[in-house]
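Here the structure comes first, spelled out in structure tokens, and everything after it is commentary.
The values are calculated or read from the model by the stated rules, or taken from the named source; none is laboratory data. None of these values were measured; they are calculated from a predicted model. Neighbour counts run over all protein chains shown; Cβ positions are idealised from the backbone, glycine included. In case anyone asks, the SASA skips ligands and DNA or RNA and just uses the protein heavy atoms, side chains included. Shrake-Rupley method; radii C 1.70, N 1.55, O 1.52, S 1.80 Å.
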Amino acid sequence: MRNKLNMVQAINLALDQEMGNDDSVVAIGQDIGVNGGVFRVTEGLFEKYGESRVIDTPLAESAILGTSIGMAVAGLKPVAEMQFSGFSYLMFGQLEGHAARLRSRTQGAISVPLVVRMPYGGGVRALEHHSESREAMYGHVPGVKVVIPSTPSNARALLVSAIRDPDPVIFMEPKRSYRAFREEVSEEEHVMEIGKAQVLQEGTDLTVVSWGAMMRPTLQAVEEVQDQRGVSIELIDLLTISPMDGDTISGSVEKTGRCVVVQEAPKSFGPSSEIIATINDNALMYLEAPVRRVSGYDVATPYFGREPAYLPTNGRIRRAIEETLDF
Amino acid sequence: MIANTCEPEAVDRQQPYALDLRERTFKISHLQILDEQCNLDAEREPDLSTEDLIRLYRSMVLARAVDDRMLKLQRQGRIGTFPLCTGQEAASCGPALAMTPKDWFVGSFRELAGRLLRGEPIENGFLLFNGYEEGNVFQGGERTLPVSIIIAAQALHAVGIAYAMKIRGETDSAVVCFLGDGATSQGDFHEAMNFASVWQVPVVFVCANNHWAISLPREKQTHSQTLAQKAIAYDMPGIQVDGNDALATYQATKDALDRARAGGGPTFIEAVTYRLMMHTTSDDPSRYQLPEQLQAWQARDPLIRFKGYLEAKGIWNDEQEAGLEAEVRQQIDDAVKAFEARNDFKPDAPFDHVFGTKVPRIEEQRTEFLDHLREESTDAQ
Ligand SMILES: Cc1ncc(C[n+]2csc(CCOP(=O)(O)OP(=O)(O)O)c2C)c(N)n1
Ligand SMILES: [Mg+2]
């Protein structure tokens, strides 16, 4: 059976099915039980699986990850929720110091199979600390995988894979896309491989790479340029920030010779820098134009009054594509 | 120095060995001066001037009216998400009245009433919750930190400020730090309590136990019977006050501030109150709250009680009440008008305040940003 679901419902479906399939999967976080999560992502799970598997915790992010690590070491598969990614820094010590390292510290004897879900990103008129895009901070930690879905269907499939993954996965949910659109999502088993980017459409003249909430304005810009100029653009949804799928990106750029990268995060030290470095390593000789990036700025995410002007728009993306084509 | 080998008083070698020594060796004192039926404990009545009492009442009434208006504006899409303070006015107004301008106000985000009493303009809340950093500062706010959304972080800042006071020998000032029951679960909270106690600095923690942290009830936040008893582990005075009794919150904070300024160290005050509205405008309490509990607390409204007290003292009547209502309405109308008329929000202000000095890389990006803005507006035409 296939249903039209938004991203919130699709993530809920993944959680529900994995909890149904596997008793060791537990959900843990603030307000995720009785309240169903502040975005209602865990709605209904408390009623279905009970308070021992859908755990409403006291207010402490470090404790949520720290105890999740213990649970994972002891054979459970915790799916922790950070209410907003802006509060996840309080768990950073546990992530960097332990979740990411127990495997290497014990030469593989102990592993930490857990997922940390967190809504991230701007565009929803939220308060301070509720709009950042900080995937780079997590991507920089060896031993941690970072996944960012962009649609209901890939959110569902990637979350299932993340829960089944033997290592810690940071699963960042573009909250701006939570209820923005619906998509057919199959009830049947669907997984997607973590670490693989997806080529959404093949093309020969230019490659565009993006991820998360930026996929929608990017797709729109790509369509506009194609319509106006009759060019053929290859569009890549990165999906996994780390470990990054360099082969798909480099392979595409070898073919097109031109590339634009779109990221919501501040410009410096973000995934776009890593993408450009990867192209530099593997496909430099194929480039016919410098790789352009469209990004946020190196400023504190402005409160929402000014925020719209600071998020990449399809106009900005379109101009970057045109300029790169014309170079 | 030789390590301290004296046995602490708390250790009692005469007690028979038992892993679970449940006998409670501590008691928590509770202060209530004005109860919900307006009965006054005359012996403990604070020595406050009529002017101060009315100032206190006025701030509570103003805060309640601002909450009401902001809720309407939010529902009309004229401002964004905001936290309501309704029901908790006394928990921040009493402490704010006990403070002098030299004391630091280190708040969380539900102390609108106390902030107004301290002189923060109404317009600030409108600005802040409509997405403008401009709402974080005001004239006269040199010793007021902005709203802190990251739960419990401000408790450590408060302790640092108090430390600075201590080493500078400021004996006429102290810090009041506001936090919620949820905050007491954070590491930052316990670290702040510990540092405050180790350093013996002049800080007063006012913890509004409003029974909820979004949907999590107080009993699930902590297994402790009271929040006040957490102070005992840090050898710090910890007391409970009726948080809906403005006289009690005033008096307890005043006593703790006097003690702090005299070098007596930190105090923890649990103000027992109730969140009468939703957590923020994005929240729906009907998903987790029993209506009976809400009704029971509506009957303990801090404003009704305080008005009754003023009337019984003969310093308040219906005419004054009507006058105050009209005045408050006018003040809010004016603030809404002023705030909605503002159009001086500099688009590139975020680039101005990344650092205290100009940085070429940031300036380059500012130029890029302004170019994009121009292009977007051309696109739009
Ligand atoms: C570090 C952090 N985690 C989570 C949140 C989301 N959040 C905002 S308010 C709140 C509950 C706070 O409860 P409490 O401390 O009791 O204060 P109250 O809201 O009741 O005034 C939560 C979980 C946050 N702001 N900061
Ligand atoms: Mg609370």
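Observations on the structure shown:
- From A:L65, A:L90, A:L76, A:L95, residue being outside the structural domain of A:W211 (by TED's automatic domain parsing), out of contact with any helix residue (DSSP H, G or I) (no Cβ under 8 Å at 6 or more places or on another chain) and modelled with pLDDT of 95 or more: A:L76
- If the condition is being surrounded by 20 or more Cβ atoms within 10 Å (Cβ to Cβ) and among the charged types (D, E, K, R), then the stretch B:219-256 contributes B:K230, B:D242, B:D245.
- Selection count, the stretch A:257-281, where residues are over 25 Å from A:D326 (Cβ atoms) and among the polar types (S, T, N, Q): 1
- Residue in the stretch A:108-128 that is open to solvent by 50 Å² or more (accessible area, probe 1.4 Å) and farther than 30 Å from A:P312 by Cα present: yes
- For the stretch A:20-40, a residue qualifies if it is assigned to a loop (DSSP other than H, G, I, E, B) and away from ligand 1 (no atom under 15 Å from the Cβ), and the qualifying residues are A:D22, A:D23, A:S24, A:R40.
- Residue in the stretch B:75-89 that is in a helix (DSSP H, G or I), open to solvent by 50 Å² or more (accessible area, probe 1.4 Å) and farther than 27 Å from A:A300 by Cβ present: yes
- Looking at A:E224, A:E307, just one residue is open to solvent by less than 30 Å² (accessible area, probe 1.4 Å), within 14 Å of chain B (Cβ to nearest Cβ) and in contact (Cβ under 8 Å) with a residue 60 or more places away in the chain, and that residue is A:E307.
- Unmet criterion (only one of (1) buried (at least 21 other Cβ atoms within 10 Å of the Cβ); (2) within 14 Å of chain B (Cβ to nearest Cβ); (3) more than 12 Å from ligand 1 (Cβ to nearest atom)) for A:E47: (1)
- For B:F339: the one exception among (1) within 14 Å of chain A (Cβ to nearest Cβ); (2) in contact (Cβ under 8 Å) with a residue 12 or more places away in the chain; (3) loosely packed, with under 14 Cβ neighbours inside 10 Å: (3)
- Answer residue from the stretch B:350-380, given it is more than 7 Å from chain A (Cβ to nearest Cβ), in a helix (DSSP H, G or I) and over 19 Å from A:R293 (Cβ atoms) and is modelled with the lowest pLDDT among those: B:A380
- Residue match in the stretch A:299-320 (condition: over 14 Å from A:T207 (Cα atoms), at pLDDT 95 or above and in contact with a Ser or Thr (Cβ under 6 Å, 6 or more places away or on another chain)): yes
- Criterion (within 12 Å of the chain's Cα centre (by Cα) and among the charged types (D, E, K, R)) met by exactly one of B:E134, B:E123, B:E170, B:E111: B:E111
- Of B:L56, B:L84, B:L112, all but one fail to be touching a Lys or Arg at 6+ places or on another chain (Cβ under 8 Å), among the hydrophobic types (A, V, I, L, M, F, W, C) and assigned by TED's automatic domain parsing to the domain that holds B:V147; the exception is B:L84.
- Number of residues in the stretch B:171-201 that are more than 12 Å from ligand 1 (Cβ to nearest atom) and either of a type in the set (S, T, N, Q) or open to solvent by less than 10 Å² (accessible area, probe 1.4 Å) (or both) equals 13.
- Matching residues, the stretch B:202-218, being buried (at least 23 other Cβ atoms within 10 Å of the Cβ) and more than 8 Å from ligand 1 (Cβ to nearest atom): B:P202, B:V203, B:V204, B:F205, B:V206, B:C207, B:S215
- Residue match in the stretch B:308-330 (condition: more than 24 Å from B:V61 (Cα to Cα), more than 10 Å from every other protein chain (Cβ to nearest Cβ) and assigned to a helix (DSSP H, G or I)): no
- Only listed residue being out of contact with any helix residue (DSSP H, G or I) (no Cβ under 9 Å at 6 or more places or on another chain) and surrounded by fewer than 18 Cβ atoms within 10 Å (Cβ to Cβ), chosen from A:G230, A:G246: A:G230
- Among the conditions (1) within 13 Å of ligand 1 (Cβ to nearest atom); (2) out of contact with any His (no Cβ under 6 Å at 6 or more places or on another chain); (3) assigned to a loop (DSSP other than H, G, I, E, B), the only one that B:G264 does not satisfy is (1).
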